[in-house]
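I have placed the structure first, in the form of structure tokens, so that the comments after it can refer back to it.
The values are calculated or read from the model by the stated rules, or taken from the named source; none is laboratory data. Predicted model only: the values in this text are computed from it and were never measured. With ideal geometry, Cβ positions are generated from the backbone for all residues, glycine too; neighbour counts draw on all protein chains shown.
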Amino acid sequence: MSLPKSTDAWVTKGTTGLDNLVFESGRPLPAVEDHDVLVKFHGASLNYRDISILTGSYPFPRKDDIVAASDGAGEVVAVGSKVSSFKKGDKVVTLFNQGHQSGSITITSAGTGIGGALDGTLRNYGVFPEHGLVTMPSNLNYLEGATLVVAGLTAWNALYGLTPVKAGDYVLTQGTGGVSLFAVQFAKAAGAKVIATTSSAAKEEILKKLGADHVINYKETPNWGEKAKELTPGGVGVKHVIEVGGPGTMAQSLKAIQFDGIISIIGFVAAATKEQPQFLDTLVNVCTVRGLLVGSKDMFEDMNKAIVANNIKPYIDSKVFSFKEAREAIQYMADGKHVGKYLVAPLACSSPRNTSPRSSTTRPARPSLSFLPALLAAFPRLQALPDELEVWGTFLDRYLTALIANAISNFGTPPSPSRRRPGQVSAQNGSETLIRNPQPLGIPFHDNQGTLLSSMALPIVLVGYGPLAPLLSSRENDDHHSFLQFSGQFHVDTNTCDRKYSVRCQEFSSFVLCAGGIPRLAA
């Protein structure tokens, strides 16, 4: 199998604004050396840091002409001859500071941040040193795994890096950003009590669903630091504060902290106020104020064990962007519209989105087909089927992932093709044959040998998108996704020129799923 020599990528070109994020096609990839790993990305996550790099306010080392973003999850495509930690097919996530392996961060390791000083993750493929990757938690899909790199590890470092949180401790979190929501989940998993602040009733519900014991609306209660202290037993204050506001919230954090407590400063998103704390306030409050920069690889691996053991799932914003929408994704974050982590899925068409209006075309009459009732039954929110129906990829990820998980029952080691049983479907790519075991959906199909197959209409329709990509993607071909193929009634293949998936049968012409995230039923 030939390895890719180049990749499509979003690159930082200057520091004057968000328009400095530039799409680059065919960016050369370095050769895979002895200790290197080639990764095919299936998900990337953005952080406020990505905005600060583009606008020139990032305080740590950065270079121009660097692939943007630090957070990514993907599949190992190839490994160097001396790599021992990973093998082809492994699921991995990136390490933020590639040189921060263990212990305290140094000035040297702080200069190895991907997406800033080194090429990042907003691309289809990337070559990384073995020590710059971590095995992805087995209970997460690629999109969830991509959220761990900065937000997850920063929250873990805040709660475990100095004095580990323990059962019965009180933890104060601020807002509903990625770090804060991870901190709520990690603290609750340790048996701690969580007091969270937010600005709206809708966000309050999110915090409560994640386990927050108390939620304070800081708009209704400006002196929320004292209120948080009152909520602790005996009014002693909280043990940990996850401080994301900086100059705008630090004074209130000091009012909430207990003696010998820890305030972990991980951001500066709030505007400054007249009430500015001084260094001596740490003495008066007998507390530790600690700045931190994400965390080490050792911490990352410890965190991943906890994520698996407690089945922790990252909270992901309802909006998931395609790879070609990277600029829109950055703007979405700059506008403060996100809750938790939000993502960019690199499984997308090669070129950026064309924003010109669609040309007007005449739509043919809607066909009828026996499998349409079952398709509609699987989409209860879509009771009326127009000639063309567009549903954003977010809906597919959120609403259908659980349904698909039930529809496909076996993703284990592929049996030999000769051992195929009735009800199984073969997915072929070159010499590799994968067998999938779908649960019946009630519609008969036959393969080219006349064997009765359980209906694969719904699982096949969603091949290659979002969380399904790691389950159904090819491991033998870098330029094509895997395909499922039937003769006669049903056929699924890949149109590689624009990366669209088509499902065809004799009576219903096509179902098109754009890997960028917009499915379309087309007559």
Identify, by number, the condition in (1) at pLDDT below 95; (2) in contact with a Leu (Cβ under 7 Å, 6 or more places away or on another chain); (3) within 30 Å of Gln98 (Cβ to Cβ) that Lys297 doesn't meet.
-> (1)
For the range 300-342, name all the residues that are assigned to a helix (DSSP H, G or I) and closer than 20 Å to Met136 by Cα.
-> Phe300, Glu301, Asp302, Met303, Asn304, Lys305, Ala306, Ile307, Val308, Ala309
For residues in the range 280-299 being aliphatic (A, V, I, L, M) and outside any helix (DSSP H, G or I), which is nearest to Phe60 (Cα to Cα)?
-> Leu293
Pairing a residue in the range 217-230 that is surrounded by 12 or more Cβ atoms within 10 Å (Cβ to Cβ) with any residue that is aliphatic (A, V, I, L, M) and part of a helix (DSSP H, G or I), where Cβ atoms lie under 6 Å and the two sit 6 or more apart in sequence or on different chains, gives Gly225/Ala256; Ala228/Ala256; Lys229/Ala256
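Consider Val244 carefully, then state whether it is touching a residue at least 12 places away in the same chain (Cβ under 8 Å) and surrounded by fewer than 16 Cβ atoms within 10 Å (Cβ to Cβ). It would help to see each step written out before you state the result.
Working: touching a residue at least 12 places away in the same chain (Cβ under 8 Å): yes; surrounded by fewer than 16 Cβ atoms within 10 Å (Cβ to Cβ): no.
So Val244 fails the test.
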Among the listed residues Gly89, Gly132, Gly103, which satisfies the condition of being over 17 Å from Val37 (Cα atoms), out of contact with any helix residue (DSSP H, G or I) (no Cβ under 6 Å at 6 or more places or on another chain), assigned by TED's automatic domain parsing to the domain that holds Gly26 and modelled with pLDDT of 95 or more?
-> Gly103
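Each row is one residue, and each column tells you yes or no for (1) small (Gly, Ala, Ser); (2) at pLDDT 95 or above.
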{"site": "Val149", "(1), (2)": "no, yes"}
{"site": "Asn157", "(1), (2)": "no, yes"}
{"site": "Val165", "(1), (2)": "no, yes"}
{"site": "Ala192", "(1), (2)": "yes, yes"}
{"site": "Ala202", "(1), (2)": "yes, no"}
